[in-house]
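*Asks:* Have a look at this one before I ask anything.
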Amino acid sequence: MKKTFLISILLCLVHSIQSQSLSFLDLGVLFSEEDYNGSARYNSMSGAFGALGGDLSSIYQNPAGGAVFSRSEISTTYSNTTLHTDAIYYGNTNYNKNRSSRFPQFGMVFVFDSFYRNSDWKKFSLSFNYSILSDFESEYTSNGNNGDYARYNINPLDDTFQPYNTPNNQTFNNYTNGKHDVYNFSFASEYKDIFYLGSSLNFHNIEFLQETELTESNRDENGNTMAANYSQFITEYGEGISLGIGIIVKPSKSIRLGFAYQSPIWFGEIIEESNAIDYDTNNNYTGFEEQGYLDIESNDLPGRYENTNSQYPEILVSRYTLNTPEKWTASAAVTFGQYGILSVDYHAKNYRLLELDNKSKKNNSILAVSQGIRAGGELRLKRISLRGGAFFEESPYSNNEEKIYKKGLSAGLGFKFKFTKIDFAYQHTVKNDEYFIYDASESIENISLRNNFKRITATISCNF
């Protein structure tokens, strides 16, 4: 009689060879990246505001932009994002869809004239802005058959210890949630209407949850099938601080140049909670069940085995420090009076400088210098503005098959009233990525991920 063994394994090996959750290095990269979800005007021009300023979301990018405001302002933003993920594994594609809604931005800027009438420093500003730097909400399922490798090939309750070395199928589910948000406080000043200088102090919060489940179906040489289910979870919490400084120069009436530096984000402590345990040799956290069909000839019902000591794995807590890479941005813009603007930003971030636990960077050889370009424009038709933009960004990994791993287009519309502005934006971002569910020493393909983000943003701003 053919039999099917079901193994429900609740154990986790988060940062070891058999890990199917993110490694410390991958988490460091994830928490260093920015998928800035700003105001609708900022998003509609793909974030190309380094030399422009005058938008609350641009102040984190270049603090000098706070001095460009002519009046005090308060704004808030709502966004709705749809994520389509195509997960490709050994020629099989699973289509996944997620939706999320956020209030990713709220801020205010206060503009003051100089206290001294004859001073060349005409005005200064104080601003506060909250923004979501990265949104981690995602879920996808992938399945296929590598045809060669079975991680779970022995059932400890099978007295024969017959190996199940022929894989039928592998199914992997990955769920993540949380966000990286930042609270930005900045000071900026204007000198003779030709030079703007600003600095900022930024407070960061990380909240991240990952739950993964790997299911294998494997056969032995007699045609019996064993299914194994392996689950993990990790949560990450951390607080950090960073500094920013920037300048904007107007060498002529229509040209603006910007330069900004963002320091590393210094996370003094990130707390990780997980159900990570070593391989469950005592079966303390494993329940085994043998299933089959009634054998009519022998009237044999399959036996049932249960582990009476089964319990949920103890939650383990670990702590580590993280310093993200610094970032440099150079920008240029051309204004056409009251008719519109064109702007472009170039930025670079050296991920090889990422530091974990203040240790050497000897494990950072797989990381790279990531460069990116953002460009945008705005056409003004009296009280209506039409906007558009595009961007691309290189992968932080040197071994990524696609060097340009993130790119996108954007468009938007703005309406200006006496004391109020209402803006709308649409963004389409494509991000290509990979995920490994087996150890790199095994010649098993990674899951290829094709992520398509479609985001609609609305912002209301009021001057006072």
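The values are calculated or read from the model by the stated rules, or taken from the named source; none is laboratory data. This is a predicted model, so every value here is computed, not measured. Using ideal geometry, Cβ is built from the backbone for each residue, glycine included, and neighbour counts are taken over all protein chains shown.
*Asks:* Quick one: THR429 ticks every box in (1) in a strand (DSSP E or B); (2) β-branched (Val, Ile, Thr); (3) modelled with pLDDT under 95 bar one, so which box is it?
*Replies:* (3)
*Asks:* I need a count of the residues in the stretch 298-345 that are at pLDDT 90 or above, more than 30 Å from GLY268 (Cα to Cα) and either out of contact with any Asp or Glu (no Cβ under 6 Å at 6 or more places or on another chain) or not small (Gly, Ala, Ser) (or both).
*Replies:* Of the residues in that region, 11 qualify.
*Asks:* While we're looking at this one, here's another question. Among residues belonging to the stretch 212-225 that are outside any strand (DSSP E or B) and crowded, with 17+ Cβ neighbours inside 10 Å, point out the one that is modelled with the lowest pLDDT.
*Replies:* Filtering the stretch 212-225 down to residues outside any strand (DSSP E or B) leaves 220-224.
Imposing the further condition that a residue be crowded, with 17+ Cβ neighbours inside 10 Å reduces the set to 220, 224.
Values: ASP220: 82, ASN224: 78.
Applying the filter and picking the extreme gives ASN224.
*Asks:* Can you say whether LEU209 is surrounded by fewer than 20 Cβ atoms within 10 Å (Cβ to Cβ) and either under 30 Å from PRO63 (Cα atoms) or over 26 Å from the mean Cα position of the chain (by Cα) (or both), as far as the supplied structure shows? Write out each step before concluding.
*Replies:* Numbers: surrounded by fewer than 20 Cβ atoms within 10 Å (Cβ to Cβ): yes; either under 30 Å from PRO63 (Cα atoms) or over 26 Å from the mean Cα position of the chain (by Cα) (or both): no.
So LEU209 does not fit the description; no.
*Asks:* Another question, if that's okay. Before we move on, is TYR116 touching a strand residue (DSSP E or B) at 6+ places or on another chain (Cβ under 6 Å) and either modelled with pLDDT under 95 or over 20 Å from ASN202 (Cβ atoms) (or both)? Spell out the reasoning first.
*Replies:* Values: touching a strand residue (DSSP E or B) at 6+ places or on another chain (Cβ under 6 Å): no; either modelled with pLDDT under 95 or over 20 Å from ASN202 (Cβ atoms) (or both): yes.
Considered against the rule, which asks whether it is touching a strand residue (DSSP E or B) at 6+ places or on another chain (Cβ under 6 Å) and either modelled with pLDDT under 95 or over 20 Å from ASN202 (Cβ atoms) (or both), TYR116 comes out as no.
*Asks:* Which of the residues belonging to the stretch 439-464 are touching a strand residue (DSSP E or B) at 6+ places or on another chain (Cβ under 9 Å), more than 29 Å from PHE103 (Cβ to Cβ) and not hydrophobic (A, V, I, L, M, F, W, C)?
*Replies:* Matches in the stretch 439-464: GLU445, ASN446, SER448.
*Asks:* Name the single residue, out of those in the stretch 389-408 being touching a residue at least 40 places away in the same chain (Cβ under 8 Å) and assigned to a strand (DSSP E or B), that is surrounded by the fewest Cβ atoms within 10 Å (Cβ to Cβ).
*Replies:* Let us first name the residues in the stretch 389-408 that are touching a residue at least 40 places away in the same chain (Cβ under 8 Å), namely 389-391, 396-397, 408.
Going one step further and asking which of them are assigned to a strand (DSSP E or B), we end up with 389-391, 397, 408.
Working: GLY389: 26, ALA390: 17, PHE391: 23, TYR397: 19, GLY408: 21.
Here the answer is ALA390.
*Asks:* I would also like to ask the following. Suppose the filter is within 28 Å of SER44 (Cβ to Cβ) and within 22 Å of the chain's Cα centre (by Cα); does PHE103 pass it? Can you show your working first?
*Replies:* On the way: within 28 Å of SER44 (Cβ to Cβ): yes; within 22 Å of the chain's Cα centre (by Cα): yes.
Yes: the conditions hold for PHE103.
*Asks:* Report the residue count in the stretch 191-211 for those that are at pLDDT 95 or above and acidic (Asp, Glu).
*Replies:* 1
*Asks:* Within the stretch 226-258, restricting attention to residues that are buried (at least 18 other Cβ atoms within 10 Å of the Cβ) and β-branched (Val, Ile, Thr), which residue is modelled with the lowest pLDDT?
*Replies:* Per the stated criteria, the residue is ILE234.
*Asks:* Return only the number of the condition from (1) in contact with a Leu (Cβ under 7 Å, 6 or more places away or on another chain); (2) at pLDDT 90 or above that TYR36 does not satisfy.
*Replies:* Of everything listed in (1) in contact with a Leu (Cβ under 7 Å, 6 or more places away or on another chain); (2) at pLDDT 90 or above, TYR36 misses just condition (2).
*Asks:* Continuing with the same structure: What are the residue pairs meeting all of these: first residue in the stretch 359-388, first residue at pLDDT below 90 and surrounded by 14 or more Cβ atoms within 10 Å (Cβ to Cβ), second residue in a strand (DSSP E or B) and of a type in the set (Ser, Thr, Tyr), Cβ atoms under 9 Å, and 6 or more apart or on different chains?
*Replies:* Matching pairs, first to second residue: ILE366/TYR397.
*Asks:* Does ASN129 count as over 22 Å from ILE206 (Cα atoms) and touching a Phe, Trp or Tyr at 6+ places or on another chain (Cβ under 7 Å)?
*Replies:* Details: over 22 Å from ILE206 (Cα atoms): no; touching a Phe, Trp or Tyr at 6+ places or on another chain (Cβ under 7 Å): yes.
Criteria not met by ASN129.
*Asks:* Hey, among ILE444, ILE456, ILE404, ILE437, which residue is within 30 Å of ARG380 (Cβ to Cβ) and among the β-branched types (Val, Ile, Thr)? It would help to see each step written out before you state the result.
*Replies:* Working: ILE444 fails: within 30 Å of ARG380 (Cβ to Cβ); ILE404 fails: within 30 Å of ARG380 (Cβ to Cβ); ILE437 fails: within 30 Å of ARG380 (Cβ to Cβ).
From the options ILE444, ILE456, ILE404, ILE437, the qualifying one is ILE456.
*Asks:* Between a residue in the stretch 46-69 that is in contact (Cβ under 8 Å) with a residue 12 or more places away in the chain and within 13 Å of SER186 (Cα to Cα) and any residue that is acidic (Asp, Glu) and assigned to a loop (DSSP other than H, G, I, E, B), which pairs come within a Cβ distance under 6 Å, given they are 6 or more apart or on different chains?
*Replies:* Close Cβ pairs satisfying both conditions: none exist.
*Asks:* Just give me the residues in the stretch 26-63 being among the aliphatic types (A, V, I, L, M), assigned to a helix (DSSP H, G or I) and more than 30 Å from ILE366 (Cα to Cα), in sequence order.
*Replies:* Residues of the stretch 26-63 among the aliphatic types (A, V, I, L, M): 27, 29-30, 40, 45, 48, 51-52, 56, 59.
Filter once more, so that each one left must be assigned to a helix (DSSP H, G or I): 27, 29-30, 40, 59.
Within the stretch 26-63, ALA40, ILE59 qualify.
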